[in-house]
Amino acid sequence: MTRLSPGFADPVLDAQASFRAILEAMSRPGRIQRIEARITPPVPLCSAAGAMLLSVADADTPLWLDAGAGVAEWLRFHCGAPITRDIGAARFALACGDAPSLDALDIGTDEDPQLGATLILQVAGLVAGHGWRLTGPGIQDEHRLRVLGAPAGFVAAWARNQAFFPRGVDVLLCTGDSIAALPRSITIAEG
């Protein structure tokens with residue numbers, strides 16, 4: 001049996017604080033938020049992605065991931081999320097390596113757009129004030145976000161995703177202990 005690294009030191013308070021950071025990120029698209037909980041998830045999972053999943057994933061949220069067996073075992077143990085190989089059936093998709101196509105994820109239905117999947121995408125870095133131009137709900141005029149290590153063609157894929165609104169995929173970008181959200185309602189243009 002392998003030894004699993006711990007999850008949250010204080011499961012209730014750390015999960016609540018992490019969830020608040022996610023809500024703040026979703027309500028202020030492209031604004032970088034810090035996840036305060038200190039965890040050491042298995043490699044290659046960054047602490048922000050691990051904290052997010054411990055906060056939102058549970059036994060009723062199928063999870064697709066590309067992070068390997070150690071991460072899958074850690075998440076099954078700490079949050080009980082069932083791991084699926086069918087990315088189209090996942091409520092959450094975790095990409096630590098090459099990002100899956102947004103087209104492969106569930107976008108919800110006209111009756112239940114909230115059933116659209118959320119992609120948790122690890123990137124090399126997030127920098128405010130440069131890069132993509134974000135507009136839409138939660139942004140007064142325009143917000144700039146540079147995403148280091150963003151998948152090639154992401155802006156075009158995002159435009160296709162946004163065309164389905166109110167259906168679609170939401171994306172949570174993470175690096176280290178920082179996150180930024182791209183709700184399906186926003187528009188992204190190249191900087």
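The values are calculated or read from the model by the stated rules, or taken from the named source; none is laboratory data. As the structure is a computational prediction, the values presented were derived from the model and not from experiment. Don't worry about glycine lacking a Cβ; one is built from the backbone with ideal geometry, like all the others, and counts go over all protein chains shown. These area figures cover heavy atoms from the full protein model, side chains too; ligands, DNA and RNA do not enter into them. Shrake-Rupley method; radii C 1.70, N 1.55, O 1.52, S 1.80 Å.
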Requested in this report: Working with all protein chains in place, sort 171, 12, 43 by solvent-accessible area computed with a 1.4 Å probe, largest first.
Outcome: 43, 12, 171
Report task. Work out, step by step, the length gained on full extension between residue 60 and residue 77: first 0.36 nm times the residue separation, then minus their alpha carbon distance; give nm to one decimal. Result -> 4.7 nm
**Report entry** Cα-only Debye scattering, the chain: base-10 log of I(q)/I(0) at q = 0.15 Å⁻¹
**Finding:** -0.85
Report summary line: Sorted largest first, the Cα spans of segment 1-70 on the principal axes come out in Å as 42, 26, 24
**Report entry** Contour excess over end-to-end distance, with Cα ends at residue 19 and residue 4 and 0.36 nm allotted per residue
**Finding:** 3.1 nm
Report summary line: Label model pair residue 135, residue 34: point-to-point distance (7 angstrom along the Cα→beta-carbon line) in nm is 3.3
Query raised in the report: So what's the net charge close to residue 63: Lys and Arg +1, Asp and Glu -1, counting the other residues with Cβ under 13 Å from its Cβ?
Result: -3
Query raised in the report: When only Cα pairs under 8 Å and 6 or more residues apart are kept, what is the percent relative contact order across the chain?
Result: 23
Report task. Rounded, prolate or oblate: pick one for segment 34-120, where a ≥ b ≥ c are the square roots of the eigenvalues of its C-alpha gyration tensor, a/c under 1.5 means rounded, and failing that, prolate if a/b is larger than b/c, else oblate. Result -> prolate
Report summary line: segment 165-182 and segment 1-62 have their Cα centres apart by a whole-number Å value of 13
Report task. Would you work out the relative contact order for segment 19-100, in percent, from Cα pairs under 8 angstrom that are 6 or more residues apart? Result -> 27
Query raised in the report: Just from its helices, what would the mean residue ellipticity at 222 nm be for the chain, if runs of 4 or more DSSP H residues each count -39500 (n - 2.57) and the sum is divided by every residue, rounded to the nearest 500 deg cm²/dmol?
Result: -7500 deg cm²/dmol
Report summary line: With Cα coordinates, the longest principal axis of the chain makes an angle with the long axis of helix 69-79, in degrees rounded to 10, of 90
Query raised in the report: Which residue, 70, 153, 108, tops the fluctuation ranking in a GNM of the chain built on C-alpha contacts under 10 Å?
Result: 153
Query raised in the report: In degrees, nearest 10, range 0 to 90: what is the angle between the Cα axis of helix 47-56 and the longest Cα principal axis of the chain?
Result: 90
Requested in this report: Could you grab the relative contact order for segment 67-121? Cα pairs under 8 Å, six or more apart, rounded to a whole percent.
Outcome: 32
**Report entry** Charge dipole (debye, nearest 20) of the chain; +1 at Cβ of Lys and Arg, -1 at Cβ of Asp and Glu
**Finding:** 440
Report task. Give me the angle, in degrees from 0 to 90, between the Cα long axis of helix 11-27 and the longest principal axis of the Cα atoms of the chain, rounded to the nearest 10. Result -> 10
Query raised in the report: Nearest-5 percent of antiparallel DSSP beta bridges in the chain?
Result: 55
Query raised in the report: Measuring with a 1.4 Å probe in the full set of protein chains, what accessible area per residue, in whole Å², belongs to the chain?
Result: 48
